[in-house]
Every structure is written in C-alpha cells, then in structure tokens.
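The values are calculated or read from the model by the stated rules, or taken from the named source; none is laboratory data. Predicted model only: the values in this text are computed from it and were never measured. Glycine also receives a Cβ, built like all others from the backbone with ideal geometry; neighbour counts cover every protein chain displayed. Accessible surface is based on the protein model in full, side chains and every heavy atom, while ligands, DNA and RNA are left aside. Shrake-Rupley method; radii C 1.70, N 1.55, O 1.52, S 1.80 Å.
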Amino acid sequence: MNKSFIVALISYFIGNFSSAYILGKAFQKKDIRNYGSGNAGATNALRVFGKKLGGITFILDVLKGIIAVYIGERIMGYNGKLIASIFVVLGHDWPVFLKFKGGKGVATSLGVIFLLHYPTAIICTAIGIAIIIITRYVSLGSIIAAGLVPIVGSIVNRPFNKNFFITTFILAILVISRHKDNINRLVKGEEFKLGEKV
C-alpha cells in the first residue's frame with residue numbers, strides 16, 4: 001500500500017477522534033452537536049460544558065494534530081508531515097463516525113502548525129489571542145490567525161518552501177470556510193462573543 005495513502009488514512013481517523021463529542025457524552029450525557037452552535041469543537045464545548053471540559057477539549061484537539069503529524073513524519077519524512085496535516089484536519093471537520101458533522105479545525109490546525117514550524121504557530125496564535133481579547137470574538141481571532149499562517153510562515157520559515165506554503169494555505173482555507181456562518185454573523189453584528197451563551 002502506498003505510504004502517502006497510509007499516512008492520509010491514519011491521519012484522517014486520528015482526526016475522527018472528537019473530544020467534544022466523547023467528553024460531552026461521558027460527563028454530561030449530551031451530544032455537543034445538539035447544543036449551542038451545533039459545532040463539535042472546543043469553542044462550543046466551552047460555551048455548552050464550561051471551562052474545564054472546554055479546556056480539555058481544546059488540549060485534546062491540539063494533541064491529535066501533533067500526533068498525526070508526528071506519525072506522518074515517522075512513516076515518510078517531511079512530506080508525511082504535510083499530508084498528515086491536511087488529513088487530520090479533514091478528519092476533525094468531517095468525521096465519518098459522526099456522519100461528517102465535526103468541528104472547525106482551529107485547535108487541530110494549531111497542533112499541526114506547532115509541529116510544522118513552531119515560530120509561525122507562536123506568532124499567529126499571539127495575534128489571534130490579542131484579537132480575541134480586544135474584540136471578544138473567538139471566530140474573528142481564529143479566522144485572522146489562520147489566514148496569517150501561510151503569509152507569516154513564508155516570511156519566517158526560510159528558505160521559502162513551496163510545499164509548506166501550499167499546505168498551510170489549504171489549512172487556512174479549511175478553517176476560514178468552516179467559519180462561513182460566523183463571518184455572516186460578524187458582518188451583521190450578530191456574532192456570539194466569548195462568554196455568551198449561544
């Protein structure tokens with residue numbers, strides 16, 4: 001079996017591990033997809049289940065990005081890391097075990113970028129957090145941080161790596177496209193702020 005396919009398959013199924021869904025079922029007896037924004041991700045888990053479970057969800061989602069990229073590297077080197085990066089986020093966003101209704105990939109993408117190039121991750125995360133603190137819009141901070149990754153990465157990660165740029169550009173598109181409803185609410189001034197109940 002082709003190594004690229006193996007990396008993609010493993011990464012996709014790692015992405016399928018939905019911590020928001022599993023923690024919600026285990027500790028709250030709730031399907032996260034039926035509450036709040038209906039999103040199976042860390043932000044919705046924070047709103048619906050509170051800080052503790054929301055924080056654990058975030059950490060686990062970051063970790064699965066790190067684990068997938070690490071395994072991808074072990075199987076086929078740097079290209080394995082890039083393939084794993086995309087497919088673990090695809091698995092998180094569209095998990096087959098949850099009828100393709102997953103999260104938005106922000107935390108998992110963060111884990112991915114930390115392993116691909118941690119200076120880029122630190123810079124973009126800092127910018128994203130600053131925006132969230134100032135505006136209290138998690139979605140806005142996430143969208144801007146994700147959009148900056150391929151740009152900042154291309155500047156900081158020298159020499160320029162075309163495959164790195166393409167991979168991070170795809171990840172940015174995935175995160176931004178998953179936030180289309182948030183973007184519409186932001187434009188209308190109806191977006192939920194941090195700490196608000198959905």
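Counting only protein heavy atoms and a 1.4 Å probe, tell me what percentage of the stretch 120-160's accessible area is made up of carbon and sulfur. Please list the in-between numbers first.
Numbers: 1600 of 2000 Å².
The C+S portion of the solvent-accessible surface of the stretch 120-160 is 80 percent.
Remark: the stretch 1-127 is approximated by an ellipsoid whose semi-axes, taken from the C-alpha gyration tensor as √(5λ), come to 25, 17, 10 Å, largest first.
Using the per-residue mean of other Cβ atoms lying within 10 Å as a proxy for protection, in what order, highest first, do the peptides 86-98, 42-54 fall? Before the final figure, lay out the partial values.
Working: 86-98: 22.4, 42-54: 20.5.
The packing order, highest mean first, is 86-98, 42-54.
Taking Cα centre as origin and charging only the Cβ of basic (Lys, Arg, +1) and acidic (Asp, Glu, -1) residues, the dipole magnitude of the stretch 134-198 rounds to 60 debye. Could you look at the stretch 23-113 and say what percent of its accessible area is carbon and sulfur, using a 1.4 Å probe and all protein chains? So the carbon and sulfur contribution to the accessible surface is 64 percent.
Probing with 1.4 Å while keeping every protein chain in the model, the per residue accessible area of the chain equals 50 Å². For the chain, a crude dipole built from +1 on the beta carbon of Lys and Arg and -1 on the beta carbon of Asp and Glu, taken about the Cα centre, is about 360 debye to the nearest 20. Think of the chain as having a plus end and a minus end, set by charges on the Cβ of Lys, Arg, Asp and Glu; of A145, H117, P159, A145 sits farthest toward the positive end of this dipole. Please report how many Lys pairs in the stretch 1-118 have alpha carbons closer than 22 angstrom, counting only residues at least 8 apart along the chain or sitting on separate chains. Lysine pair count for the stretch 1-118: 26. What whole-number distance in Å separates the alpha-carbon centres of the stretch 68-84 and the stretch 105-156? Centre-to-centre (Cα) distance: 21 Å.
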